[in-house]
Amino acid sequence: MTDVERAKVQRIIDANLNRLKEGLRVLEDLNRYLWDDAELGYRFKALRHEVAKASDPERLRFRDIRNDVQKQSVETELQRESLQNVVAANFSRTQESSRVLEELFKLESTEDSERFKNIRYELYDLEKILHQKCS
């Protein structure tokens with residue numbers, strides 16, 4: 001991999017770590033303030049701490065918000081019809097980001113790749129539980 005490719009991969013990792021953390025925070029807060037479920041709260045908090053293990057402040061130098069060609073929201077991102085839609089959108093966001101991180105960390109850390117695979121599967125389980133709470 002060239003230095004340019006390595007830098008672009010780090011930019012993708014940075015963006016997906018942010019996306020994952022943001023989605024987790026939305027889900028954690030919904031659980032905390034709507035459903036008051038301490039056990040699920042602990043699970044979300046544990047996931048955020050797992051994500052933090054892969055964070056590296058050095059990666060910030062690869063962030064390039066000004067030149068992000070997809071930073072504008074699309075119509076479907078601007079509206080939510082229900083709490084169930086908010087939950088579904090944020091689970092989708094977190095699961096997709098976890099998958100991207102799992103794949104890209106295969107280039108540098110099998111431990112981190114496995115970490116994000118495990119995070120993704122934990123999210124699948126949590127999604128089922130919160131979907132039932134919204135129904």
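The values are calculated or read from the model by the stated rules, or taken from the named source; none is laboratory data. In this text, all values refer to a predicted model and were calculated from it rather than measured experimentally. Glycine gets a Cβ as well: all are built from the backbone with ideal geometry, and neighbour counts include every protein chain shown.
The table below lists the values:
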| quantity | calculated |
| --- | --- |
| Check on R32, assigned to a helix (DSSP H, G or I) and among the basic types (K, R) | yes |
| Verdict on S113 being at pLDDT below 90, out of contact with any His (no Cβ under 7 Å at 6 or more places or on another chain) and not charged (D, E, K, R) | no |
| Among the residues listed as K45, K8, the single one being within 19 Å of K128 (Cα to Cα) and out of contact with any Pro (no Cβ under 8 Å at 6 or more places or on another chain) | K45 |
| The lone exception for L126 - which of (1) touching a Ser or Thr at 6+ places or on another chain (Cβ under 8 Å); (2) under 18 Å from K21 (Cβ atoms) it fails | (1) |
| Selection status of A15, small (G, A, S), surrounded by fewer than 14 Cβ atoms within 10 Å (Cβ to Cβ) and without any contact (Cβ under 8 Å) to a residue 60 or more places away in the chain | no |
| Selected residue (criterion: surrounded by the most Cβ atoms within 10 Å (Cβ to Cβ)) from residues of the stretch 99-119 that are within 16 Å of A15 (Cβ to Cβ) and aliphatic (A, V, I, L, M) | L101 |
| Residue in the stretch 17-73 that is modelled with the highest pLDDT, counting only those that are among the polar types (S, T, N, Q) and more than 24 Å from S113 (Cα to Cα) | N31 |
| Any chance L123 is among the aliphatic types (A, V, I, L, M), buried (at least 18 other Cβ atoms within 10 Å of the Cβ), within 13 Å of the chain's Cα centre (by Cα) and part of a helix (DSSP H, G or I) | yes |
